[in-house]
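Take a look at the structure below.
We did not get these values from a lab; they are worked out from the coordinates using the rules stated. Values in this document were obtained by computation on a predicted structure and should not be read as measured data. Cβ coordinates were reconstructed from backbone atoms using ideal geometry, including for glycine residues, and neighbour counts include every protein chain displayed.
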Amino acid sequence: MKVGIVGFPGSGKSTIFNALTGLTKQAGAAGKARERLGAIKVPDPRVERLTELFDSRKRVYAEITFIDVAVRPEGAGAGGGLDPQIIQAMRECEALVLVLRGFANPMLAQPPAPASEMVRFREELILTDLIPLENRRERMKKETGRDRERALIDRCIGRLENGRSLLGAEFSEEERRLLSGFSLLSGKPLLCLLNQEEGDFPVGIPEALRAQAEGEGLPLMPISAKIEMDISTLPAEEQAEFLADLGADTSARDRFIRKSYDMLDLISFLTTGDDESRAWPIRRGTPARKAAGKVHSDIERGFIRAEVVGYDDLAIAESFKQARDQGLLRLEGKTYVVQDGDVINFRFNV
């Protein structure tokens, strides 16, 4: 699962990427059309508890791959839009995170204007999406039939020309299939991060920015890249004390990772035993047989049934035997829709 971190020059995007991943990409290189990847573990106390209960030799968390995508200044691309390499990098992501500058940057003459940056970025995505759709509509003038596709293209173009992104638009499965080849950007899930000054964090979200985000249906959270960078360099035992001094139970980093996970519409089912306790990320609504394929393709192919117990029930029972004796363990078939926190043992035969 790939999430692209984007932001205009001077927003602190690369510092946030460094704090999230523990990597050391040089900040201030936003003018270069290069990207950096980092896999980040999704915090999940359920994995830790199962590791303790079953004395697992290792614990494995779900992961998200974040990509540091450089957004060049306006006018860098042909025709004044986003650079083609940046567009391609964003198209390969399943969701985007936009870092908005909420602090004074001595390298920039302009004061922070996060609401304007949000509008500019969304406008760039809309313009980028219009190009392939309009090209397709022009080619279809020479074709017969394809009435459904033609109507769909017209509907999308109409929405975009009215300044509305495709995020939140309702499409059928057939329509999503027809649009999949365009790799449209404005329909991707988008989370906005307001990067605030270390000394002022948190100062609250400006009303204009809050109203803009709410109007577009975009999740928005404040963060301080410098604070998160400081936390990431501390030993684990000192991080809790640092957060307590800030009056926080968890770091913004952990909250952000969870938001990104939710934004991708992911849930985790769990497996546990002597060898390992592990969280497996799947799309919400995934049936049991398909979920089994995350563990191994042979399990999906030879699926018989799934032994399922909810994490909360297992944590109280403290063993599969007790869960079974208490009637908490149940057998489910291949069409069962896996729920977040299900602890599953797959039975299969190949």
Quiz item: Over the range 285-348, what is the mean sequence separation of C-alpha contacts under 8 Å (at least six apart), divided by residue count, expressed as relative contact order in percent?
Solution: 50
Exercise. Could you pull out every residue, at least 5 positions away or on a different chain, whose amide H is within less than 5 Å of the one on Leu194? Hs are placed 1.01 Å off N in the peptide plane, and Pro or chain starts have none.
Key: Leu100, Met221, Ile223
Quiz prompt | the chain - convex hull of the alpha-carbon atoms, volume per residue in Å³ | solution = 172
Quiz item: In whole percent, what relative contact order does the chain give with Cα contacts below 8 Å and a gap of six or more residues?
Solution: 19
Quiz item: Can you give the translational diffusion coefficient of the range 222-342 in µm²/s, computed by Stokes-Einstein from the Kirkwood radius over Cα pairs at 10 °C and 1.306 mPa s?
Solution: 93
Exercise. Distance check, please: which entries in Lys13/Lys58; Lys41/Lys188; Lys13/Lys188; Lys141/Lys188; Lys41/Lys290 exceed 30 angstrom between their Cα atoms?
Key: Lys13/Lys58
Exercise. Calculate one ³J(HN,Hα) per residue across the range 58-69 by plugging θ = phi - 60° into the Karplus curve 6.51 cos²θ - 1.76 cosθ + 1.60, and present them in order as whole Hz with x for glycine and proline.
Key: 8, 10, 10, 8, 5, 10, 10, 8, 9, 10, 7, 9
Quiz item: Put +1 on the Cβ of every Lys and Arg and -1 on every Asp and Glu Cβ in the range 253-319; which of Ala288, Ser260, Val308 then has its Cα farthest towards the positive end of the dipole?
Solution: Ser260
Self-check item: the chain: most fluctuating residue of Leu20, Leu125, Leu246 per GNM, C-alpha cutoff 10 Å
Solution: Leu246
Quiz item: Of Ile205, Leu98, Ile86, which is farthest on the positive side of the dipole of the chain, counting Cα position, with +1 on Lys and Arg Cβ, -1 on Asp and Glu Cβ, and the Cα centre as origin?
Solution: Ile86
Exercise. Output ³J(HN,Hα) for the range 88-98: one whole-Hz value per residue in order, computed from phi by the Karplus curve 6.51 cos²θ - 1.76 cosθ + 1.60 with θ = phi - 60°, and x for Gly and Pro.
Key: 5, 4, 5, 5, 7, 9, 8, 7, 10, 10, 9
Self-check item: Options Leu270, Phe121, Gln322, ranked by Cα towards positive dipole end of the chain, top entry (Cβ charges)
Solution: Phe121
Quiz prompt | Residue of Ile316, Ile157, Ile282 that the Gaussian network model of the chain assigns the largest fluctuation, springs spanning Cα pairs under 10 Å | solution = Ile316
Quiz item: Got a sec to turn the phi values of the range 117-123 into Karplus ³J(HN,Hα) couplings, 6.51 cos²θ - 1.76 cosθ + 1.60 with θ = phi - 60°, whole Hz, x for Gly and Pro?
Solution: 5, 4, 5, 4, 5, 5, 5
Quiz item: Per 5 Å bin, what percent of the C-alpha pairs of the range 285-348 does each bin hold, from zero upward?
Solution: 4, 20, 29, 21, 16, 9, 1
Quiz item: Under a point-charge model restricted to the Cβ atoms of Lys and Arg (+1) and Asp and Glu (-1), what is the dipole moment magnitude of the chain relative to its Cα centre, in debye to the nearest 20?
Solution: 1520
Self-check item: Loop trypsin sites (Lys or Arg not before Pro), the range 141-181, which have at most 13 other Cβ atoms in a 10 Å radius of their Cβ (DSSP)
Solution: Lys141, Lys142, Arg146
Quiz item: Using a Gaussian network for the chain with springs between C-alpha atoms less than 10 Å apart, which of these wobbles most: Val309, Val97, Val42?
Solution: Val309
Quiz item: Which far-off residues, 5 or more places away or on another chain, put their amide H under 5 Å from the one on Ile5, with H placed in the peptide plane?
Solution: Ile67, Asp68, Val69, Val97
Quiz item: Once every DSSP H run of n ≥ 4 in the chain is given -39500 (n - 2.57) and the sum is divided by its residues, what mean residue ellipticity at 222 nm do you get, rounded to the nearest 500 deg cm²/dmol?
Solution: -12000 deg cm²/dmol
Practice problem: Would you mind checking which residues have amide H under 5 Å from Val338's amide H? H placed 1.01 Å from N; only 5 or more apart, or other chain. | Solution: Thr286, Ala288
Quiz item: All other residues with a Cβ under 11 Å from the Cβ of Val350 taken together, and with Lys, Arg as +1 and Asp, Glu as -1, what is their net charge?
Solution: -1
